[in-house]
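Below is one structure, written out as structure tokens; the observations come after it.
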Amino acid sequence: MKIALITGASSGIGKATAEAFAALGMNLILCGRRLDRLHDLQQALGEQINTTLLCFDVGDREAVNSAIASLPQEWQAIDILVNNAGNAHGLGPVQDGDPDDWDAMMTSNVQGLLYVSKAIMPGMIARQRGHIVNLSSVAGKQTYPNGNVYCASKAAVEALSEGMRLDLNPFGIKVTNIAPGAVETEFSLVRFKGDDRRARSVYQGFTPLTAHDVADVIAFAVTRPAHVMIADLLIFPTAQASAMVLKRE
Ligand code: 8X3
């Protein structure tokens, strides 16, 4: 039975990935900042698989290290790491940007991915196997107006996926970069600081991806034979052709 650790497992793509992995019979380390939500997910997944919870903020290096170090022996041989935690804060001209928003995005989307990976890569290297899945975005491949710092954080994820693939190549570790386009989750609600109307308008007039659509693809990527690595995937809803081109009714 494989062990997978998923960050940001309490909602959205992380939660859907946990559900997809549970259906594959994996044992799951569910990580997030909201313990009540992690408990709900653990209960929903039931007895079909083993789960353990780690409550920490990926952007807090000490918290990351002590959470991973606290894993009991039987949970330490992590086969799959899904670096999913991350958010957007604000959408507006860079000259009007709030430095607190910039810090929050860079800390969770970039440093957080690095801190968690740093804690888990040594074990994968020692075992000479493992799979790291990084959640990037179309925003990491195309900078769009007002996206500035969020796009920069996801461009960093793209570069880190490539860098990890290169540096971990000698150890037989797979690195998969997943770049979704428009996925309806709490993403826009967080980006627009709880403005529900603005968040919903992002997905109006077309059928966006669901978190489960993306989780299906992640499940596919992690179930390929040992000699197959899905390196890089851009996933759009059918109505989307680029970061800014969407066919709306
Ligand atoms: C989420 C997709 O297009 O809002 O990363 O940047 S987008």
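A few remarks follow.
- GNM on the chain, alpha-carbon springs under 10 angstrom: the most fluctuating residue among 157, 202, 82 is 202.
- Shape class of the range 118-249 from the alpha-carbon gyration tensor: prolate, with a/c at 1.5 or above and a/b greater than b/c.
- At full extension, residue 65 and residue 118 could sit 18.2 nm farther apart than now, given 0.36 nm per residue minus the alpha carbon distance.
- D (Stokes-Einstein, µm²/s), Kirkwood Cα radius, the range 66-121, 1.306 mPa s at 10 °C: 120
- Computed helical MRE - 222 nm, the chain, DSSP H runs ≥ 4 contributing -39500 (n - 2.57), nearest 500: -12000 deg cm²/dmol
- Å² of accessible area per residue within the chain, as computed with a 1.4 Å probe and no ligands counted: 47
- For residue 114, the accessible surface of its heavy atoms amounts to roughly 70 Å² (probe 1.4 Å, protein chains only, rounded to the nearest 10).
- Comparing 68, 13, 80 in a Gaussian network model of the chain (Cα springs below 10 Å), the most mobile by mean-square fluctuation is 68.
- Percent accessible area from carbon and sulfur atoms, the chain, protein chains only, probe 1.4 Å: 52
- Distance (nanometres) between label positions extended 7 Å along Cα→Cβ at residue 24 and residue 98: 3.7
The values are calculated or read from the model by the stated rules, or taken from the named source; none is laboratory data. Computed from a predicted model, the values in this text were never measured in an experiment. Using ideal geometry, Cβ is built from the backbone for each residue, glycine included, and neighbour counts are taken over all protein chains shown. Surface accessibility is based on the protein's heavy atoms, side chains included, excluding ligands, DNA and RNA. Shrake-Rupley method; radii C 1.70, N 1.55, O 1.52, S 1.80 Å.
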